[in-house]
Amino acid sequence: MMVLVLIVAGLVVVALLMVLFAPYIRKYSAGGTCMSMARLDGKTVLITGANTGIGKETALDLAIRGARVIMACRDVEKGEEAAASIRRIYCKANVEVRELDLADTSSIRAFVQRLHREVDHLHILINNAGVMMCPYVKTIDGFEMQLGVNHLGHFLLTYLLIGLLKRSAPARIVVVSSLAHNVGWIRFHDLLSQGSYNSGLAYCQSKLANLLFARELARRLKGSSVTVNSVHPGLVCSDLVRHSTIMSLLFSLFSLFLKSPRDGAQTSIYCAVAEELHSLTGKHFSDCAPASVAPQGRNEETARKLWDASSELLGIVWDH
């Protein structure tokens, strides 16, 4: 009985301390903030997955800076709701919703064809959309969903837009990766998880693939005035963990220590607008500052091998 009383008393003390120090914990958890006041008048920005979470917050910020923001979303209805919400906050926001399903290469190609008809320039591409720890399922083209959406879908989208970005230079590409890349590895023997599947490991592989893609693309684009950098947004309170009961529970219990979507968007915004990054490329950022990269994320041979494997899966040849 005494043990139970002590446990309850301890929990009460912890709860009271958390309430007492909540403002300080929140401030610490928020991380870095983009301090740049750069304007984007006359600039066109494309953000994938912009209907929710950090994508929506990024769209809002860049719209306030004067950019024309194209919100590429799988669910157009939710995208329009997000755009309406942005306009309510900033009535002058120039935000447009376009349908894009990164799990379907035909949708990606159709999206780009329409975009080429509608815009003459593209100054910022933010590869933000993603899925996390979903059950094993394949994309329309037969790819494992997490690698298919998080990496291969953005790989193809960037390939189809690279000419437009070059013609619009100086231009920037921001790739949203994750701290999870530290425990990921590229399983070349079973890249699409056909032999075995673990949702957590597949997610980590896709985030490592994001980082390797950004570094290899930056290497290939040197001298083009198109920069490429990857970001870790931090642990963000969002619906990204909806497929994992354990992660959802942990996020609920420790929500005080998580970033808000606005906080999580800061590093993407920073890499998209900060004046001091105008020529910096091939780097990784977190909390609006350079961040460390795991050894497997710095391996040039792995990056090139993944590039070739991705191109082969998508049936494309990068000649630009």
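Under 5 Å from the amide H of Ser286 lie the amide H atoms of His232, Ala291, each residue being 5 or more positions distant or on a separate chain, with H modelled from the backbone and absent for Pro and chain starts.
Contour minus end-to-end for Ile316 and Ala294, with contour as 0.36 nm per residue of separation and end-to-end as the Cα-Cα distance? Don't skip to the end; give the middle numbers.
Values: separation 22, 0.36 × 22 = 7.92 nm, distance 2.86 nm.
Working it through step by step, the gained length comes to 5.1 nm.
Accessible area per residue for region 269-320 is 53 Å², calculated with a 1.4 Å probe on protein heavy atoms, without ligands, DNA or RNA. Full extension of the chain segment joining Glu80 with Arg114 gains 10.4 nm, where the gain is 0.36 nm per residue of separation less the Cα-Cα distance.
Using a Förster radius of 56 Å, what is the FRET efficiency between Asp41 and Tyr136 based on their Cβ-Cβ separation? Nearest 0.05, please.
Numbers: r = 46 Å, r/R0 = 0.81.
Calculated value: 0.75.
Counting only heavy atoms of protein chains, what accessible area per residue, in Å², does region 69-220 have with a probe of 1.4 Å? Show your work: numbers first, answer last.
Working: 6030 Å² over 152 residues.
With the other protein chains kept in place, region 69-220 gives 40 Å² per residue.
Students often forget the sequence filter, so: which aspartates and glutamates lie under 17 Å Cα-Cα from Lys207 once same-chain residues fewer than 8 apart are removed? Hits, sequence-local ones excluded: Glu144, Asp190, Glu216, Glu300. Exceedance of the 20 Å cut-off in Cα-Cα distance is limited, within the set Lys43/Lys78; Lys43/Lys92; Lys56/Lys259, to Lys43/Lys78. Note that region 52-59 has calculated 3J(HN,Hα) couplings of 7, x, 5, x, 5, 5, 5, 4 Hz, one per residue in order, obtained from phi through the Karplus relation 6.51 cos²θ - 1.76 cosθ + 1.60 (θ = phi - 60°); glycine and proline are x. Of all aspartates and glutamates in the structure, the ones whose alpha carbon falls short of 13 Å from that of Lys138, not counting any fewer than 8 places away in one chain, are Asp104.
The values are calculated or read from the model by the stated rules, or taken from the named source; none is laboratory data. Predicted model, so just to flag it, every value in this text is computed and none were measured. Ideal geometry is used to build each Cβ from the backbone, glycine not excepted, and the neighbour counts take in all protein chains shown. Surface accessibility is based on the protein's heavy atoms, side chains included, excluding ligands, DNA and RNA. Shrake-Rupley method; radii C 1.70, N 1.55, O 1.52, S 1.80 Å.
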